[in-house]
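The block underneath contains the structure these notes are about, expressed in structure tokens.
The values are calculated or read from the model by the stated rules, or taken from the named source; none is laboratory data. Keep in mind that what you see is a predicted model, and the values were worked out from it rather than measured. Every residue, glycine as well, gets a Cβ built from its backbone with ideal geometry; the counts of neighbours run over all protein chains shown.
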Amino acid sequence: MILIFTILVIIYYHFTKQSYNNFKNLNITDSEKKKILTYDSFIGTLLVLISGIIFLSIVVLDENIDVEIAFN
């Protein structure tokens, strides 16, 4: 499970970095709608990255995660 969540965090990081680059490259002449959607996209990908890091830390720190998942 650690391998799966590590790969997911790497993918989430890639999307967050790409979204941040799009946010940085906004021009003053861009429409207000584009600015808002780009900002919202960056915030969304950042929150997904944070949640992935939290899940990865839970998997690393919880020794009985396989048992807990099996009984849910």
Selected residue [of a type in the set (Phe, Trp, Tyr), under 11 Å from the mean Cα position of the chain (by Cα) and modelled with pLDDT of 95 or more] from TYR20, TYR39, TYR12
TYR12
Among the residues of segment 44-51, is there at least one that is among the aliphatic types (A, V, I, L, M) and touching a residue at least 40 places away in the same chain (Cβ under 8 Å)?
yes
In segment 18-33, which residues are part of a helix (DSSP H, G or I) and surrounded by 12 or more Cβ atoms within 10 Å (Cβ to Cβ)?
GLN18, SER19, TYR20, ASN22, PHE23
